[in-house]
1. Of A30, V19, H122, which is farthest towards the positive pole of the chain's charge dipole, taken about the Cα centre with +1 and -1 on the beta-carbons of Lys, Arg and Asp, Glu respectively?
2. In debye, nearest 20: dipole of the chain around its Cα centre with unit charges on the Cβ of K, R (+) and D, E (-)?
3. Near the amide H of A10, under 5 Å away, which other amide H atoms are found, from residues 5 or more places off or on another chain, if H is placed in the peptide plane?
4. Packing-wise, with mean Cβ within 10 Å as the measure, how do 37-48, 68-79, 101-112 rank, highest first?
5. Which net charge results for the neighbourhood of R76, defined as the other residues with beta-carbon distances under 10 angstrom from its beta-carbon, given Lys and Arg at +1 and Asp and Glu at -1?
6. Looking only at the range 83-114, which residues have a backbone nitrogen under 20 Å from a spot 7 Å from the Cα of D60 in the C-beta direction?
7. Determine the order of H36, H122 by accessible area, beginning with the largest, at a probe radius of 1.4 Å.
8. Under 8 Å for C-alpha pairs, at least 6 residues apart: give me the relative contact order for the chain, rounded to a whole percent.
Amino acid sequence: TFDVRLPPRATNVYYRDEVGNITTSALRRAPRRDAHVPLVLVPRYVLFGGWRVTFALGYDVPAARYVARDAADATRHVLNVTFGSSLRTPLAVDVAELRVVLPEGATDIDARAPFGVDAVAHD
């Protein structure tokens, strides 16, 4: 099983593998409004050492929790999110993708990370 800790107030949670929805799961209600949302996923088959599984995990979070006005320029907004795995189960992650959906009409988009990334795309 994969134990996942989603950000507080995560909604519209989805999790899929190559075949479709992962139906063996348990999404729990957070104990408090500001607490992380616990999720347990069970892959379709047992994973032995060296075996791989590909899956997607996504959710929505309120923008107000992660977006603030830039201290140096009040006309700009800054999004501050953790880039990485929400998995609490020790697991090697070969590829991680962070997708941010901005409001229609957003301009002057600049993405920065405190470490190297393979690609940054603006669709």
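1. A30
2. With Lys and Arg at +1 and Asp and Glu at -1, about 740 debye.
3. V37
4. Answer by packing, highest mean first, reads 37-48, 68-79, 101-112.
5. Details: positive: R69; negative: D70, D73, D108, D110.
Residues near R76 contribute -3 overall.
6. 98-106
7. H122, H36
8. Working: 145 pairs, mean separation 32.6, N = 123.
27 percent.
The values are calculated or read from the model by the stated rules, or taken from the named source; none is laboratory data. Being a predicted model, the structure only gives us computed values, none of them experimental. Counting neighbours? That spans all protein chains shown, and the Cβs are built from the backbone with ideal geometry, glycine included. Side chains are part of the model used for accessible areas, which takes the heavy atoms of the whole protein and leaves out ligands, DNA and RNA. Shrake-Rupley method; radii C 1.70, N 1.55, O 1.52, S 1.80 Å.
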